[in-house]
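Written below as structure tokens is the structure these notes are about.
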């Protein structure tokens, strides 16, 4: 049911009278300097925020885009989630836009407009008015990543070269699985993270699995409540060293226990963010409170 027309903005259930929009994106990270806006560099956030300014989901943006998980330069995303707050439009704007009850124009049409502005290596998949309590970053329960590796002696299929790592040694699937299993659980992953002042490196790695999907193609899938900076690539790189027999299968777990920094960081282009999970709408606010609390072992 649409709100009755008035001269005032619709009143969404948000602090400050803003409306929050949840957006899903996909991008090929090859030609991006990562997610986060950086002066003079081509980034996903920079291009998407530029598109939002040209076609905002309200009268104007109320702040920068908030992302569920920042991706490094070269990392891809099948299903990235962001939110953006906007000042709702007023009834006076109805002469040119059909507004919903929150003072937001048709978001399906807006997705089409954003995609016409954006280059082909980033796409807006969908947009919706977010439920109360939603926060793309802090309400997330878990993140899912995929890493693709080819151990073919001739390298990687040319059509897969942008998202698949060429590994120049044969990989033993059994060894990959054994090395990965020892890393699953709640741990301090300092050995596999780039440190950030004031940030914890305690994470719950919920899954780290390997599958050989073709004769020379292997896929790793990793799930955690959150990942530290470079954590996924460091975990994969270390386990690959075990998988090709240059290290024992116990080596990654030994580094984890001892906190020894690993230098075996897999290249970015084999990594893809594949999804973000959120709790039911009535549990979003509690999830945000839990996530913001500093963790310890």
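Below are the figures for this structure:
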{"read-out": "Where a residue in region 259-271 is free of Cβ contacts under 8 Å to residues at least 40 places away in the same chain and its partner, wherever it lies, is part of a loop (DSSP other than H, G, I, E, B) and surrounded by 14 or more Cβ atoms within 10 Å (Cβ to Cβ), with Cβ under 7 Å and at least six apart", "value": "265/230"}
{"read-out": "Failed condition for residue 174, given (1) farther than 25 Å from residue 73 by Cβ; (2) modelled with pLDDT under 95", "value": "(2)"}
{"read-out": "Any chance residue 213 is surrounded by fewer than 19 Cβ atoms within 10 Å (Cβ to Cβ), assigned by TED's automatic domain parsing to the domain that holds residue 175, at pLDDT 95 or above and over 30 Å from residue 132 (Cβ atoms)", "value": "yes"}
{"read-out": "Subset tally (residues that are free of Cβ contacts under 8 Å to residues at least 12 places away in the same chain and under 21 Å from the mean Cα position of the chain (by Cα)) for region 105-160", "value": "2"}
{"read-out": "Residue list for region 139-165, filter: in a strand (DSSP E or B), over 22 Å from residue 228 (Cβ atoms) and in contact with a helix residue (DSSP H, G or I) (Cβ under 9 Å, 6 or more places away or on another chain)", "value": "150"}
{"read-out": "Of residues in region 191-207 being surrounded by fewer than 18 Cβ atoms within 10 Å (Cβ to Cβ) and not in a strand (DSSP E or B), the one modelled with the highest pLDDT", "value": "200"}
{"read-out": "Condition broken by residue 174, with the remaining ones in (1) without any contact (Cβ under 8 Å) to a residue 40 or more places away in the chain; (2) surrounded by 19 or more Cβ atoms within 10 Å (Cβ to Cβ); (3) assigned to a helix (DSSP H, G or I) satisfied", "value": "(2)"}
{"read-out": "Residue in region 38-45 that is farther than 18 Å from residue 120 by Cα, under 22 Å from the mean Cα position of the chain (by Cα) and either surrounded by fewer than 16 Cβ atoms within 10 Å (Cβ to Cβ) or at pLDDT below 95 (or both) present", "value": "yes"}
{"read-out": "Enumerated helices (runs of 4 or more DSSP H) restricted to region 231-297, each holding at least 3 residues that are in the same structural domain as residue 221 (by TED's automatic domain parsing), crowded, with 17+ Cβ neighbours inside 10 Å and over 21 Å from the mean Cα position of the chain (by Cα)", "value": "231-243, 251-258"}
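This table checks each residue for (1) modelled with pLDDT of 95 or more; (2) farther than 26 Å from residue 291 by Cα; (3) out of contact with any strand residue (DSSP E or B) (no Cβ under 7 Å at 6 or more places or on another chain).
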site: 19; (1), (2), (3): no, no, no
site: 29; (1), (2), (3): yes, yes, no
site: 32; (1), (2), (3): yes, yes, yes
site: 51; (1), (2), (3): yes, yes, yes
site: 61; (1), (2), (3): no, no, no
site: 95; (1), (2), (3): no, yes, yes
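The values are calculated or read from the model by the stated rules, or taken from the named source; none is laboratory data. Here the structure is a predicted model, which is why all the values come from computation and not from measurement. Note that we place each Cβ from the backbone using ideal geometry, even for glycine, and neighbour counts take in every protein chain shown.
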